[in-house]
Amino acid sequence: QQQVRQSPQSLTVWEGETAILNCSYENSAFDYFPWYQQFPGEGPALLISILSVSDKKEDGRFTIFFNKREKKLSLHIADSQPGDSATYFCAARETNSAGNKLTFGIGTRVLVRP
Amino acid sequence: GALVYQYPRRTICKSGTSMRMECQAVGFQATSVAWYRQSPQKTFELIALSTVNSAIKYEQNFTQEKFPISHPNLSFSSMTVLNAYLEDRGLYLCGARGAYAEQFFGPGTRLTVL
């Protein structure tokens, strides 16, 4: 059973639009949710993250909206740029997990057309 | 800033041979290191978690006999893929976590098995 689900699998937006990426999870114990951005041939780069005590986290054009009750979160990319074209992974971790075990979704591939 | 280096970036080995990959955290002390394998079919698979002063914990389907890991200090970890076969192909990622929640990944070591 997939513990972290992402949708859509792929998304195409025009430059300047807002891209919305969705993520949901099963484990109520998850309390830390990072989003990673990955370009082809590179490792995933930490983009933005949120703790479950917050319902919103903003960093420049990137915003996470978090709904603990529904176990859902979303990543909004405002004013999308062609350079934002990448695959975005939602991940989750529970505080009491040993070390740093993250559970990843399958990713959303974003294409921003100029 | 926090950086994670991995070496080599790419490697090709013959079926049945072994190869070693390295991971180094720069700019912070990695209190725990996680090794993942990323493949198109299975997204991120956690291989093992290595936490300072604790035993290395392997996930199901991964063993120390196949993927021995060394984590001698807070900035360096290495993993070997022994007797590599086709199913071991993929991008091997090292994720290092410091004192806070963030986990940073290296660029990965891409393993091709002939």
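The values are calculated or read from the model by the stated rules, or taken from the named source; none is laboratory data. Being a predicted model, the structure only gives us computed values, none of them experimental. Using ideal geometry, Cβ is built from the backbone for each residue, glycine included, and neighbour counts are taken over all protein chains shown. We work out accessible area using only protein heavy atoms, side chains counted, and drop any ligands, DNA or RNA first. Shrake-Rupley method; radii C 1.70, N 1.55, O 1.52, S 1.80 Å.
Scanning the range A:5-60 for residues being hydrophobic (A, V, I, L, M, F, W, C) and either under 19 Å from B:F104 (Cβ atoms) or open to solvent by 60 Å² or more (accessible area, probe 1.4 Å) (or both) gives a total of 12.
Just name the residue that is farthest from the other protein chains (Cβ to nearest Cβ) out of those in the range B:66-96 that are under 21 Å from A:F39 (Cα atoms) and open to solvent by less than 50 Å² (accessible area, probe 1.4 Å). Only one residue fits best here, namely B:G90.
For the range B:68-81, the criterion of a residue being more than 12 Å from the chain's Cα centre (by Cα), of a type in the set (V, I, T) and closer than 29 Å to A:F30 by Cα is satisfied by no position. Selection within the range A:26-48: residues that are of a type in the set (S, T, N, Q) and either part of a loop (DSSP other than H, G, I, E, B) or more than 26 Å from B:R9 (Cβ to Cβ) (or both). The member of this set that is nearest to the other protein chains (Cβ to nearest Cβ) is A:N27. Considering B:T63, B:T51, B:T31, which residue is modelled with pLDDT of 95 or more, open to solvent by less than 70 Å² (accessible area, probe 1.4 Å) and not small (G, A, S)? Only one candidate passes the filter, namely B:T63. Screening B:T112 against (1) within 14 Å of another protein chain (Cβ to nearest Cβ); (2) part of a strand (DSSP E or B); (3) under 30 Å from A:I48 (Cα atoms) leaves a single unmet condition, (3). Inclusion of B:Q6 among residues that are within 11 Å of chain A (Cβ to nearest Cβ) and at pLDDT 95 or above is warranted.
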